[in-house]
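Novice: Here it is, the structure, as structure tokens.
Quick note: the coordinates plus some simple rules give every number you see, no bench work behind them. Computed from a predicted structure; not experimentally measured. Cβ placement follows ideal geometry from the backbone for every residue including glycine, while neighbour counts extend to all protein chains displayed.
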Amino acid sequence: MLDLSKKEKRMKAYIMGNYTEKAFQGFMKDPTSDRKAVVEQLTKAVGGTIHSMDIVRGSYDFIVVTEVGSFDDFAAIKLVVESSGAVKNMTMLEAIDFTKATTKASKIGYKPPGQ
């Protein structure tokens, strides 16, 4: 467990991924397996928290809304989970402060090609 004695800034992130055939076989053996509890445990291990976890339709099988300290925290979880063979294609989208980004962008001089 990480030492959280220092106040650490956390970032909100959306984590998506796909279950593998191995995971689906596990679900068939134990259809009541509480994956949210496992995700909470993993997230707490790096000092983060989760807001929600949902199974979804579409390109990804699940999405987790979480807060972690850094991309490195997500990378650590990704390494552990994907190396198990149960999940693949884990992707993280970091929430950003759009006003801060656009304010910085408005101060950058840029000329498109040909202008």
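Novice: Can you flag which of Lys36/Lys107; Lys78/Lys111; Lys9/Lys29; Lys78/Lys107; Lys9/Lys36; Lys9/Lys88 are past 32 Å Cα-Cα? Present the calculation step by step, with values, prior to reporting the outcome.
Specialist: Details: Lys36/Lys107 43 Å; Lys78/Lys111 38 Å; Lys9/Lys29 40 Å; Lys78/Lys107 36 Å; Lys9/Lys36 24 Å; Lys9/Lys88 28 Å.
The answer is Lys36/Lys107; Lys78/Lys111; Lys9/Lys29; Lys78/Lys107.
Novice: What 222 nm value per residue comes from the helices of the chain, counting each DSSP H run with n ≥ 4 as -39,500 (n - 2.57) and dividing by all residues, nearest 500 deg cm²/dmol? Before the final figure, lay out the partial values.
Specialist: Numbers: 4 runs with 42 residues, N = 115.
Using -39500 (n - 2.57) per qualifying helix, the result is -11000 deg cm²/dmol.
Novice: Expressed in nm to one decimal, what extension gain is obtained for the pair Ile96 and Leu79 from 0.36 nm per residue of sequence separation less their Cα-Cα distance?
Specialist: Numbers: separation 17, 0.36 × 17 = 6.12 nm, distance 2.40 nm.
Full-extension gain reported as 3.7 nm.
Novice: Return the whole-Å distance between the Cα centroid of the range 58-115 and the Cα centroid of the range 26-49.
Specialist: For the range 58-115 versus the range 26-49, the Cα centre distance is 21 Å.
Novice: Bin width 10 Å, alpha-carbon pairs only: give the P(r) of the chain as whole percents, running from 0 to the bin holding the largest distance.
Specialist: Spelled out per bin, shortest first, that is 12, 37, 26, 15, 7, 2, 0.
Novice: Let me ask something additional. Within the range 66-92, find all residues whose amide N lies under 12 Å from a label point positioned 7 Å from the Cα of Val38 along Cα-to-beta-carbon.
Specialist: 81-88
Novice: How high is the relative contact order of the chain, in percent, counting Cα pairs under 8 Å that sit 6 or more residues apart?
Specialist: Numbers: 141 pairs, mean separation 44.1, N = 115.
Relative contact order for the chain comes out at 38 percent.
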